[in-house]
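J.: Can you read through this structure? Questions will come right after.
The values are calculated or read from the model by the stated rules, or taken from the named source; none is laboratory data. Everything quoted here is computed from the prediction, not taken from an experiment. Note that each Cβ is placed from the backbone with ideal geometry, even for glycine, and that neighbours are counted across all protein chains shown.
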Amino acid sequence: MADTVVKQDIRQLSLEKIQEYFVSIGDKAFRAKQVYEWLWRKSAKDFDQMTNISLATREKLKEVFVINHIAVDKMQRSNDGTIKNAVKLHDSMIVESVLIPTDTRITACISSQVGCSLDCYFCATARLKRMRNLNPDEIYDQVVAIKEQSETFFDRPLTNIVFMGMGEPLLNYSNVLDAIDKITSPKGLGMSPKRITLSTVGIPKMIQKMADDDVKFNLAISLHSAIDSTRSEVMPINLKNPLKDLADALKYWYQKTKKMVTYEYVIWKGINDKEEDARALVKFCRIIPSKVNLIEYNSIDDEQFQQASENALSMYINLLEKNDIVVNVRRSRGKDIDAACGQLANKE
Ligand code: SAH
């Protein structure tokens, strides 16, 4: 019986590990740097693209390694220019990522997990079970794919990245951080961490961990209510992680990083559209420097959740502005192709 070699995905190896490999086969350690550059900065999908590596060495690499990479399985374009990608992973699982163009920016909205385990009742992704975490390379590759689309279709560079696709980034923390390291490193895409935003339901102990790790990217919290009973009704994560704990973690975050936070907030009819809800939000915003993004609700065919009236929206805006809190209204993008916030659910 012939031995079958299980080949290792070389992109799971650090530069040091690749160096060790080359030394172990009697080759020069600097070869590793060349290969690493092909794998990350140049996004090579095949060893034969590595033209400054000898044919013999490439053959040796192919005997023990593979290069796993994502493939854009399907690309949909919205009337407003938004592009949604169904991205196929090496094990045929699918995640979605979105390119959002505006006059001043091109933003990549990327996924961190296949599915999600958090059950926010208003979110379509929550209806998929969490299947697995994405590896750093799978997160990185989504950015590379959107960067290419940005240059091809808009003739403009990718400017921003938001972790607002599928999954909860803080439940896949080490892989997300590894991916961000590669995205920001000159050995990778060389993007500024100031242009990256991690969006989370707000897991207090992980926010503290991020502060301890002295991260340089921006933090957004999906708040949706600053009243415990209401928040628990729409986001079950709040049952075990009440607002008091979130507030303490945010104080710690600000103390350590001196970075403000953005609260994402949807206003729903009959759920959080009263003045007391807005007042609670104003109070919560005083905990640390912050701003509010009011997000338009994208229906997921659930009668419980309906976008609040324009009156409720104005009431919130007036109250926040009166209290000197910066507030932006984020209208949905890519609704016609189910690419808007909370709509990513592998419908196809
Ligand atoms: N798990 C992370 C990132 C994914 S969700 C988080 O919760 O932040 C990205 C944003 O879309 C979050 O602010 C989320 O609350 C919001 N969202 C989810 N479903 C939505 C919907 N149907 N309409 C509008 N926004 C939604």
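J.: For region 56-80, give me each residue that is under 20 Å from the mean Cα position of the chain (by Cα) and among the small types (Gly, Ala, Ser).
T.: 71, the sole residue that qualifies.
J.: On the given criteria, is residue 160 polar (S, T, N, Q), farther than 13 Å from residue 85 by Cβ, in contact with a strand residue (DSSP E or B) (Cβ under 7 Å, 6 or more places away or on another chain) and in the same structural domain as residue 265 (by TED's automatic domain parsing)?
T.: Yes; evaluated as a whole, the condition is true for this residue.
J.: Further, regarding this structure: Looking at region 48-90, which of its residues are surrounded by 19 or more Cβ atoms within 10 Å (Cβ to Cβ) and assigned to a helix (DSSP H, G or I)?
T.: Scanning region 48-90 gives a single hit, 61.
J.: Take the residues of region 96-119 that are closer than 15 Å to residue 337 by Cα and of a type in the set (Val, Ile, Thr): which is nearest to the ligand (Cβ to nearest atom)?
T.: Within region 96-119, the match that is nearest to the ligand (Cβ to nearest atom) is 98.
J.: Okay, moving on. Exactly one of (1) in a loop (DSSP other than H, G, I, E, B); (2) of a type outside the set (Asp, Glu); (3) surrounded by fewer than 18 Cβ atoms within 10 Å (Cβ to Cβ); (4) modelled with pLDDT of 95 or more is unmet by residue 129. Its number?
T.: All conditions pass for residue 129, except number (4).
J.: Just wondering, is there one or more residues in region 179-196 that are surrounded by 15 or more Cβ atoms within 10 Å (Cβ to Cβ), within 26 Å of residue 307 (Cα to Cα) and assigned by TED's automatic domain parsing to the domain that holds residue 107?
T.: No, there is no match, as no residue in region 179-196 is surrounded by 15 or more Cβ atoms within 10 Å (Cβ to Cβ), within 26 Å of residue 307 (Cα to Cα) and assigned by TED's automatic domain parsing to the domain that holds residue 107.
J.: Still on this structure, please answer the following. Run residue 240 past the list (1) free of Cβ contacts under 8 Å to residues at least 12 places away in the same chain; (2) crowded, with 16+ Cβ neighbours inside 10 Å; (3) more than 20 Å from residue 279 (Cα to Cα) and report the number of the one that doesn't hold.
T.: Condition (2) is where residue 240 drops out.
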